[in-house]
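The next block holds one structure in the form of structure tokens; read it before the comments.
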Amino acid sequence: GQGVVQDHKKAAQWWQKSADQGHTGAQYILAFMYFNGVGVARDLQKAAQWWQKAADQGHDGAQFNLGLVYYHGHGVAQDHKKAVQWYRKA
């Protein structure tokens, strides 16, 4: 943090508030936090859900990451066809 003590848990709480209001950038970052267990418990299903929300609203980074989770089956059932669809959208 700049000017404050770095606190990933507190950051996740603020990203959550913004993501809940539909901000695609916040949804993307919150998904990353869940995927990597930064500030929150690692939860691949929640990561996929947040990337899905952002991807459905046109966030290209989320679309690409959603392709990755479908390709590898991280938090979702592995589905190469869905992976390719999301890669193409991205």
Going through the stretch 39-56 one residue at a time, which ones are more than 15 Å from Val76 (Cα to Cα), open to solvent by 40 Å² or more (accessible area, probe 1.4 Å) and not small (Gly, Ala, Ser)? Asp56
Go through the stretch 60-85 and give me each residue that's under 11 Å from the mean Cα position of the chain (by Cα), open to solvent by less than 80 Å² (accessible area, probe 1.4 Å) and farther than 20 Å from Arg42 by Cβ. Gln63
Flagged pairs (Cβ under 9 angstrom, 6 or more apart or on separate chains; first in the stretch 26-44, more than 12 Å from Leu66 (Cβ to Cβ) and without any contact (Cβ under 8 Å) to a residue 60 or more places away in the chain; second basic (Lys, Arg) and surrounded by fewer than 16 Cβ atoms within 10 Å (Cβ to Cβ)) are Ala26/Lys17; Tyr34/Arg42; Asn36/Arg42; Gly39/Lys9; Gly39/Lys10; Val40/Lys9
Within the stretch 1-16, residues exposed (fewer than 12 other Cβ atoms within 10 Å of the Cβ) and of a type in the set (Lys, Arg) come out as Lys9
Being polar (S, T, N, Q) and either on the phi > 0 side of the Ramachandran plot or open to solvent by less than 100 Å² (accessible area, probe 1.4 Å) (or both) is the filter here, so list the residues in the stretch 17-38 that pass it. Ser18, Thr24, Gln27, Asn36
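The values are calculated or read from the model by the stated rules, or taken from the named source; none is laboratory data. This one's a predicted model, so the numbers in the text were calculated from it and none came from an experiment. Every residue, glycine among them, receives a Cβ derived from its backbone with ideal geometry; neighbour counts consider all protein chains shown. Please note that ligands, DNA and RNA were not included when accessible areas were found on the heavy atoms of the full protein model with its side chains. Shrake-Rupley method; radii C 1.70, N 1.55, O 1.52, S 1.80 Å.
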